[in-house]
Amino acid sequence: MIALALAAAFLSALAGQLGAGASLHCAMRREISPCTCRREDVGTGAILVICQRINTYEDIARALTNKFSPETKIGLDISYSQLPDFADHSFRELGLSITRLKLNFDNLSELKESVFTKLDLVDYFSLSDNSLMEMPRHVLRHLPHVKTLDLCRNKITKLTEEDFKDIQEVEHLLVADNQISKIERHAVPKALKHVHLGINKLNTLNGALRDLDDLEWIFINANHLKTIDNELPVKAKKIALIHAAHNELQSLPKDLRLMPSLESLYFYDNNIKTLDGALQKSRKLVRIGLSFNKIETLAEDEFSETEILADLDIAYNQLRSLNGSLRSLKSLRYLNLTHNSLTEFSLQEIKGLKRLSVIDLSHNKISRITGNMENLVDVETRVLELRLDHNYILNLGGALMGLHGLLRLNLSHNQIQQISPDDLIGLEDLRLLDVSHNHITSLEETSKTFLPSLEELIAHHNNITILDKDFHGLPSLCIADLSYNKIQSVNYEVVSKSRCTINGVPSILKIYLQDNPVLCEERLYELVAILESLNTRVSGVSTCVATQTSAPVLMRALNDIVPDTPVIVVTHTGVGMLDGREIQPSQLAYQRVGALIGHVLPEREGGLPVLVEPPVTLPPASTNVVVKWPDERREKSHPLADHLRLRDLNSSPQ
């Protein structure tokens, strides 16, 4: 999610992680082993010295003491180390001009003050991922000019006014993922620009952020906050981001109305029931995360002045109506309304919105789409992707007519029985149509609608019985997934007007027919060959396997097959076509495929390994069936042999 990405950016950029920037050769790297180094800033000559997985501090002192001139600014990273003698030494004895100090994953639970004396050049100090129980105020007094302080992932339980009194220049404070349950009113420095108090145990902010007029980012996510009313810095002119997700908030803070500089708000996973106009004045707001709350309705003027809002996420709520609340969002790109309680959706809700990329209305209770765009000549509405899957839609009623620019339409998992020509008129840019998992019995009407750009038709798990001229309005079709239907017949003319191209290069139209009773006739190979000649590949053709073939029926099947005509012998477990091997299963079914000469090969994964070369000859009828290769291998060719392929002979009985 965007919020997580921003959190990562917060931790990396604001914490000023050592190791960022262009790395250049450091001449001293061999002389300071087991440490190493690299140049960080060509202009200032700053060098990053890395000492990781060191056994004792004495090893570090021996490697680094007086190895760099006092004019060289040093960033020192001592991490993943066990330092039993740490308290017996001092950074001062190294003779380094340390400006950034990183002590991470060193299992530090206590710090001796004398170790940290004379560190007044340090502007970045990180003690994250240790076991400190409280703020090391006795250490911090020796870092008066520190700008970034990172104490994430320790065991600190409270922040007091004494903790930061000697480091009032701190601008970036990170104390996330501790056990902080209390923060005193004037605890944090007033110069703060970015504060991360997330993943703690705070029940209240106790006014600690109220007077921080320079704040730009606030992370208070994953606490136990029930309200933050009268807690936010309303006088902060540059406040851009508030991340308050994963709390117990009952409502948005009213103070948001007084903070017009806000750009990003994340309040997902709370108990918010209404927005109550809190966002009406947020003129600079670009993204809002409100998913996983209990919002039931939106007022018509909810976003009246948020004209540059691009991303609106209200998924997993209890919305029953939109009340025309979206019409002022002229810059909206992403609208997520999945998993709500909407029973109807009108396209008038997005009237005039020209920049929409995705509208996600999946997993609602929508049974009707209304408000078609066909007569909106003066107002252009554009959507690239519309997700209406997992609803209760019975028919479209022509509602999508004229929805210009639509590229992807997902109508799967509904109750649609028929697609009428009017339903898709004007969707000249549509590339993907998904109507799978519905109750459609025919696609005949689609032949009357011209969809010049449609490349992929997904219609599996329906009740379609025949393919005739269904694709005649789909000249660019490349994929048609019609598996798991009831198709019994396919007319080769179905693809006569479709020519698949990919990036302008002619390609193959792929039709998937898995789990259909299609083409259970002896002319199967003829149709497949014709479709091949039309650059169409059929996958998943059934072989009409009899699941309960009795002995008399089996004998009649044997007697019907002309000697020397190749057959495919299908069992429950595979295909019997091995040289000289006797096949005596209790159940066999036979599919005659004609006088084939050449290869018959499957090409789609999941099919059984069928191979006929040369053709299999059926022996005289008997109760013990033996399938053998013919004595003489035929060398003649056949006009169909070059392009004949039989794919996915699904020979497992149902």
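The values are calculated or read from the model by the stated rules, or taken from the named source; none is laboratory data. Everything numeric in this text was worked out from a predicted model, so none of it was measured. Positions of Cβ are backbone-derived with ideal geometry, glycine not excepted, and every protein chain shown enters the neighbour counts. Heavy atoms of the whole protein, side chains included, go into the accessibility calculation; ligands, DNA and RNA do not. Shrake-Rupley method; radii C 1.70, N 1.55, O 1.52, S 1.80 Å.
Points worth noting:
- Qualifying residue in the range 505-513 (condition: over 27 Å from His439 (Cβ atoms) and part of a loop (DSSP other than H, G, I, E, B)): yes
- Scan the range 463-474 for residues that are open to solvent by 10 Å² or more (accessible area, probe 1.4 Å) and at pLDDT below 95 and the total you get is 5.
- Every residue from the range 434-448 that is under 18 Å from Val494 (Cα atoms) and open to solvent by 10 Å² or more (accessible area, probe 1.4 Å): Thr441, Ser442, Glu444, Glu445, Thr446, Ser447, Lys448
- Hey, His194 buried (at least 20 other Cβ atoms within 10 Å of the Cβ) and either closer than 16 Å to Asn223 by Cα or not aromatic (Phe, Trp, Tyr) (or both) or not: yes
Yes or no, residue by residue, for (1) surrounded by fewer than 18 Cβ atoms within 10 Å (Cβ to Cβ); (2) closer than 23 Å to His194 by Cβ; (3) modelled with pLDDT under 95:
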position	(1), (2), (3)
Pro70	yes, no, yes
Phe86	no, no, yes
Leu103	no, yes, no
Asp106	no, no, no
Leu121	yes, yes, no
Phe125	no, yes, no
Ser128	no, yes, no
His138	yes, no, no
Ile156	no, yes, no
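- Take the conditions (1) open to solvent by 20 Å² or more (accessible area, probe 1.4 Å); (2) under 19 Å from Lys281 (Cα atoms); Leu326 misses just one of them, which is (1).
- Matching residues, the range 390-408, being touching an Asp or Glu at 6+ places or on another chain (Cβ under 7 Å), surrounded by 20 or more Cβ atoms within 10 Å (Cβ to Cβ) and closer than 19 Å to Glu344 by Cα: Leu396, Leu400
- Of all residues in the range 403-441, those being β-branched (Val, Ile, Thr) and either under 21 Å from Val358 (Cβ atoms) or touching a helix residue (DSSP H, G or I) at 6+ places or on another chain (Cβ under 8 Å) (or both) number 2.
- His461 being part of a loop (DSSP other than H, G, I, E, B), over 22 Å from Pro517 (Cβ atoms) and not small (Gly, Ala, Ser): no
- If the condition is being outside any loop (DSSP other than H, G, I, E, B) and buried (at least 21 other Cβ atoms within 10 Å of the Cβ), then the range 356-372 contributes Leu356, Ile359, Ile369.
- Only one entry of Val115, Val175 meets the criterion of being modelled with pLDDT of 95 or more, farther than 24 Å from Asn206 by Cβ, open to solvent by less than 10 Å² (accessible area, probe 1.4 Å) and of a type in the set (Val, Ile, Thr), and that entry is Val115.
- Which numbered condition Ser341 misses (of (1) of a type in the set (Ser, Thr, Tyr); (2) open to solvent by 50 Å² or more (accessible area, probe 1.4 Å); (3) touching a Lys or Arg at 6+ places or on another chain (Cβ under 6 Å)): (2)
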